[in-house]
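Participant: The structure that follows is given in the form of structure tokens.
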Amino acid sequence: MTEFVKLIYGDKVYQLPLVVGSEGEKAVDISNLRQETGLITLDTGYANTGSCTSNITFMDGERGILRYRGLPVEQLAEQSTFKETAYLLINGKLPTQKELTEFSVMLNDHSLVHEDMRAFFENYPRSSHPMGILSSMVNALRSFYPELQNLEEEINITVTRLLSKLRTMAAMSHKISRGHKVVYPRQDLAYCANFLNMMFDSPVKPYEIDEDVVKALNAFWILHADHEQNCSTSAVRMVGSARVSLYAAISAGIAALWGPLHGGANQAVIEMLTHIVKNKNMKQVVERAKDKKDPFRLMGFGHRVYKTFDPRMKIMKKMCDTLLNKLKISDPLLEVAKELEEIALNDAYFIEHNLYPNVDFYAGIVLRAIGIPTNMFTVMFAIGRLPGWIAQWKESIDDPYWKLCRPRQIYMGPRETQYVPIWKR
């Protein structure tokens, strides 16, 4: 039986349907609000607005829960691979061995990038940020790979192309930016190992695959694979609602992710920790973060959704310790990070304002340990988030209640005035 919420406006009472999710979350359905009352809602930043229903990812910020298709992200990061998690997000279930093998073969078959695209990479200014290059190159894929006639085949092959080629394109852009020879994907290597080899192998120093590094990269990408209706995912859904190609929708997601308040946060954390190590100003940084009048923000702390702790952070911190011990790396940034975390967990201001370390706090140190350059951090995030973007886009186009996204606004500008000819102004 449907429950309702009563809205009293003027001398009338309106009944708004209550929608209840599978985990008990509740929402007031205002789909007909404007039609029935002439009103709209105002929610700057959409912090209290649900843009869709979804079967993909469940988050509970108060309890620190994150699940993909019902599976806890902790279990996936510990036991699964990124390739298997990508299949889970996109297809709605874990693959059988046969399905995973077929998926692997498809990824391998589509891993090469059209040679003509190298000209694009090689002619970008060397100072260009990799995210800007990646966004435009993904959009350009549409020109190199025309649509197929069969819609289901088109979606499956386009999805596989993106998952496989984005990884190749990222490694290629890194090699070309350094003036090094491009390394092509190898048939005998799995998804993550292949990427590492394309990034770091060279004729003078062959890259040695370390299983702990591969496991760390798998975990990093799994933890970033989806995160409900965040800024970039909402961008993918909104742009996709215009029925553009998947390439264009993903390109929009990459552009949104580029921002320092979103995907660029892990790079910002490294830059902040480097600044602290260089200037030895830990106390000053903490005091600035607590000063409401100071615009300075402590990067990697707090989260728009998580109000207790970010479940991904614990896994990333554990991975960080394991990797640095295994590789015998002494990173001064890690010591500063741990000291900052200790301060935050015991300082009344941080506790009161829910400023706990989030996944970005240790993610950058893990990427540094792997050998990823700082300007490639956000690209690594984009590769990880790609399965979630694809799953969200796919779900939105299959939605029987699909509508073109078109938010409303409350106009606060001048009322009607008359045009004045230029000689009278």
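Participant: How big is the Kirkwood radius of the chain, worked out from every pair of different alpha carbons and given in Å to one decimal?
Facilitator: Numbers: mean 1/r = 0.0423 Å⁻¹.
Hydrodynamic radius (Kirkwood, Cα only) of the chain equals 23.6 Å.
Participant: Would you list which lysines come within 20 Å of K403, measuring only between C-alpha atoms, while excluding same-chain residues fewer than 8 positions from it?
Facilitator: K394
Participant: Setting aside same-chain residues fewer than 8 positions from K326, which lysines have a Cα under 16 Å from its Cα?
Facilitator: Correct list for K326: K215, K317, K318.
Participant: Something else now. How big is the gap, in Å, between the Cα center of region 356-404 and the Cα center of region 204-255?
Facilitator: For region 356-404 versus region 204-255, the Cα centre distance is 4 Å.
Participant: Using only alpha carbon positions, build the gyration tensor of region 34-113, then give the equivalent ellipsoid semi-axes as the square roots of 5 times its eigenvalues, largest first, whole angstrom.
Facilitator: Values: eigenvalues 259, 65, 26 Å².
Ellipsoid half-lengths, sorted descending, are 36, 18, 11 Å.
Participant: Shape of region 174-321 from its Cα gyration tensor (a ≥ b ≥ c, root eigenvalues): rounded if a/c is under 1.5, otherwise prolate when a/b > b/c, or oblate?
Facilitator: Note, shape of region 174-321 comes out oblate.
Participant: Something else now. Rg and Dmax of region 66-142, using alpha carbons, in Å: what are they?
Facilitator: Every Cα atom of region 66-142 included, Rg and Dmax give 17.0, 45 Å.
Participant: Using a 10 Å cut-off on Cβ atoms, rank the peptides 13-19, 58-64, 195-201, 410-416 from the highest mean neighbour count down.
Facilitator: Values: 13-19: 14.0, 58-64: 16.1, 195-201: 20.9, 410-416: 5.4.
The peptides rank, most packed first, as 195-201, 58-64, 13-19, 410-416.
Participant: If packing is taken as the average number of other Cβ atoms within 10 Å across a peptide's residues, how do 333-343, 27-37, 220-230 rank, most packed first? Don't skip to the end; give the middle numbers.
Facilitator: Values: 333-343: 17.4, 27-37: 13.9, 220-230: 24.2.
Highest to lowest by the protection proxy: 220-230, 333-343, 27-37.
Participant: Further question on the same structure: What are the GluC sites (Glu not before Pro) within region 114-204 that DSSP puts in a loop, where the Cβ has at most 16 other Cβ atoms within 10 Å?
Facilitator: On the way: sites: E115, E122, E147, E152, E153, E154; in loops: E115, E147.
For GluC sites (Glu not before Pro) across region 114-204 that sit outside H, G, I, E and B with at most 16 neighbouring Cβ atoms in 10 Å, the list reads E115, E147.
Participant: Give the carbon-plus-sulfur fraction of the accessible surface of the chain in %, rounded to a whole number; probe 1.4 Å, heavy atoms of protein chains only.
Facilitator: Summing carbon and sulfur atoms, their accessible area is 53 percent of the total for the chain.
Participant: For K292, give me every one of the lysines with a C-alpha distance below 27 angstrom, ignoring sequence neighbours fewer than eight places off in its own chain.
Facilitator: Leaving aside lysines fewer than 8 places away in the same chain, those within reach of K292 are K278, K280, K283, K307, K338.
Participant: Can I ask one more? For region 117-239, place one equal point scatterer on every Cα, skip the solvent, and apply the Debye formula. What is log10 of I(q)/I(0) at q = 0.12, 0.17 Å⁻¹?
Facilitator: -0.56, -1.10
Participant: Also: Just need the relative contact order of the chain here, percent rounded to a whole number, with Cα pairs under 8 Å and 6+ apart.
Facilitator: Details: 519 pairs, mean separation 85.2, N = 425.
Relative contact order here is 20 percent.
Participant: Can I ask one more? Taking a probe of 1.4 Å, how large is the accessible area per residue of region 123-267, in Å²?
Facilitator: On the way: 5980 Å² over 145 residues.
Per residue, region 123-267 has an accessible area of 41 Å².
Participant: Starting from the eigenvalues of the Cα gyration tensor, five times each then square-rooted, give me the equivalent ellipsoid semi-axes of region 232-289, largest first, whole Å. Don't skip to the end; give the middle numbers.
Facilitator: On the way: eigenvalues 275, 21, 4 Å².
Rounded to whole Å, the semi-axes are 37, 10, 5.
Participant: Another question, if that's okay. If I take every Cα pair under 8 Å that is 6 or more residues apart in region 149-215, average their sequence separation and divide by the length, what percent do I get for the relative contact order?
Facilitator: On the way: 41 pairs, mean separation 16.2, N = 67.
Rounded, it is 24 percent for region 149-215.
Participant: Can you divide the C-alpha Rg of region 336-425 by 2.2 N^0.38 Å and report the result to two decimal places? Walk me through the numbers on the way to the answer.
Facilitator: Working: Rg = 24.4 Å, N = 90, 2.2 N^0.38 = 12.2 Å.
Compared with the compact-globule rule of thumb, region 336-425 sits at 2.01.
Participant: Taking 8 Å as the Cα distance limit and 6 or more residues as the minimum spacing, I'd like the relative contact order of region 327-409 as a percentage. Mind dumping the intermediate values first?
Facilitator: Working: 22 pairs, mean separation 15.8, N = 83.
It rounds to 19 percent for region 327-409.
The values are calculated or read from the model by the stated rules, or taken from the named source; none is laboratory data. All of these numbers come straight from a predicted model, not from anything done at the bench. Quick reminder, even Gly has a Cβ in these numbers, built from the backbone with ideal geometry, and neighbours come from all protein chains shown. Surface accessibility is based on the protein's heavy atoms, side chains included, excluding ligands, DNA and RNA. Shrake-Rupley method; radii C 1.70, N 1.55, O 1.52, S 1.80 Å.
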